[in-house]
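Structure, as structure tokens:
A short reminder: the numbers here are calculations on the coordinates, not readings from a lab. A quick note: this is a predicted structure, and the numbers were derived from the prediction, not measured. For neighbour counting, all protein chains shown are included, and Cβ atoms are generated from backbone atoms with ideal geometry for every residue, glycine included.
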Amino acid sequence: MTEIGALLSSTLELRDAFGKVMQIISDKLNMHRGTLVLLDESTGRLRTEAAVGLTDEEIARGKYALGEGITGNVVATGRPRVISDLRNEPDFLNRTGRLTPESKNIAISYICVPIRIVGRTAGALAIDKPFVSDEQLRSDHTFLDIITTFVALAIQINRMVMGQKEELLEENA
């Protein structure tokens, strides 16, 4: 958590920072794949800001509308989803191809946590990893809750700084 907090507080280049955050999460939680998506309020669609374990083609296939699939549902409702075995989850759309014929014999856990900014859900952080135990899922969920709070604060600060920059440019003009 310290590493992620230091990273997010050291830059306003959030896209790069988000990629590094996802890599840290991957290393710490033994995740296979993970995405950080933000809601584009002008289109109502979710866009992937950072991903680990996904090819560019898989990222392109993983586009969701608000309320669609697990991630879209988490963003729409603002409630996290913790699934111990994706093979038994009807809401899992598998657009990116997470579940392959080879992986159908392994229980894959999926955790998707909303990113909330000023009472509104702005996106979600989702990971998948081999199922270990329910206790491990709870621990990972708590860790991701904390990380999404850091991410939300970084986004909020970035928006404030950009707003102030725009005001100064307008004043100078």
Exercise. Please give the residues of the range 1-19, grouped as numeric ranges, whose backbone N is less than 20 Å from a label point set 7 Å along the Cα-to-Cβ vector of E166.
Key: 12-15
Quiz item: Using only the Cα atoms, what convex hull volume per residue in Å³ does the chain have?
Solution: 120 Å³
Practice problem: Would you mind checking which residues have amide H under 5 Å from E49's amide H? H placed 1.01 Å from N; only 5 or more apart, or other chain. | Solution: L36, V37, L38
Practice problem: Give the long-range amide H neighbours of R116: residues separated by 5 or more places, or on another chain, with amide H under 5 Å away, using H modelled in the peptide plane at 1.01 Å from N. | Solution: A122
Quiz item: Amide H to amide H, which residues 5 or more places from Y64 or on other chains are under 5 Å from it, using H placed in the peptide plane?
Solution: L46
Quiz item: So how do E49, E135, E68 line up by other beta-carbon neighbours within 10 Å, fewest first?
Solution: E135, E68, E49
Exercise. Using only the Cα atoms of the range 1-66, construct the convex hull and provide its projected area averaged over every direction, in square nanometres to one decimal.
Key: 5.0 nm²
Quiz item: Gap in Å between the Cα centre of the range 101-173 and the Cα centre of the range 1-56?
Solution: 7 Å
Exercise. Keeping to pairs on different chains or 8 or more places apart, tell me how many lysine pairs in the range 2-172 have Cα atoms under 25 Å apart.
Key: 8
Quiz item: Principal axis lengths of the range 57-141 from Cα atoms, whole Å, largest first?
Solution: 41, 32, 20
Quiz item: For the range 2-172, what is the relative contact order in percent, using Cα pairs closer than 8 Å and at least 6 residues apart in sequence?
Solution: 21 percent
Exercise. Divide by every residue of the chain the summed helix terms, -39500 (n - 2.57) for each DSSP H run of at least 4, and state the resulting mean residue ellipticity at 222 nm, rounded to the nearest 500 deg cm²/dmol.
Key: -15000 deg cm²/dmol
